[in-house]
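Notes to accompany the following structure.
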Amino acid sequence: MRTEETLKQWYNEVEEDIRECGIEIGRVSVFRLNGRLKRALGQCKVIMNGYEISLNRCMLLSKVPEQEVKNTIAHELLHTCPECMNHGKKWKAAAAVLMSRKPCYTISRTVDVSRLNCDAIDLGYRCVE
Ligand SMILES: [Zn+2]
């Protein structure tokens, strides 16, 4: 198992990568694990003073590759861009910018579960809104 501290550190790295691409992201006031997510890896929602991003607890498992965790964090962070709460044109455009400037990222709406090395989880989507 990895620690929440590690996830927080990766979150900071992803945020920096996105900013380096010139993508304007919103203020995330809460970043946490979410034990209630069953069929998605992450969630982004609007809360009183900004955005809350939460991750499926499976992200703590060491067998889930670091880059897959970062892909999920990036997916959720892109929802904090202006008019990007859905997976529409603007969100897709921001994802395309990130993937072209930082090719290590793969951002998509759905997730190929085999990439996670974690067959115990019933997941279809990268994200729920
Ligand atoms: Zn999403």
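The values are calculated or read from the model by the stated rules, or taken from the named source; none is laboratory data. Given the structure is predicted, the values throughout are model-derived calculations rather than measurements. Counting neighbours? That spans all protein chains shown, and the Cβs are built from the backbone with ideal geometry, glycine included.
Numbers at a glance
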| read-out | value |
| --- | --- |
| Residue within segment 67-83 that is within 20 Å of T3 (Cα to Cα), touching an Asp or Glu at 6+ places or on another chain (Cβ under 9 Å) and modelled with pLDDT under 95 present | no |
| Test set (1) β-branched (V, I, T); (2) surrounded by fewer than 19 Cβ atoms within 10 Å (Cβ to Cβ); (3) within 11 Å of the ligand (Cβ to nearest atom) - V113 fails condition number | (3) |
| Matching strands (runs of 3 or more DSSP E) fully within segment 8-73 where at least 3 residues are within 15 Å of the ligand (Cβ to nearest atom) and in contact with a Phe, Trp or Tyr (Cβ under 9 Å, 6 or more places away or on another chain) | 40-47, 50-56 |
| Residue check for E66: crowded, with 18+ Cβ neighbours inside 10 Å and acidic (D, E) | no |
| Scan of segment 89-110 for residues that are away from the ligand (no atom under 12 Å from the Cβ), among the charged types (D, E, K, R) and either out of contact with any helix residue (DSSP H, G or I) (no Cβ under 6 Å at 6 or more places or on another chain) or in a helix (DSSP H, G or I) (or both), ordered by number | K89, K90, R101 |
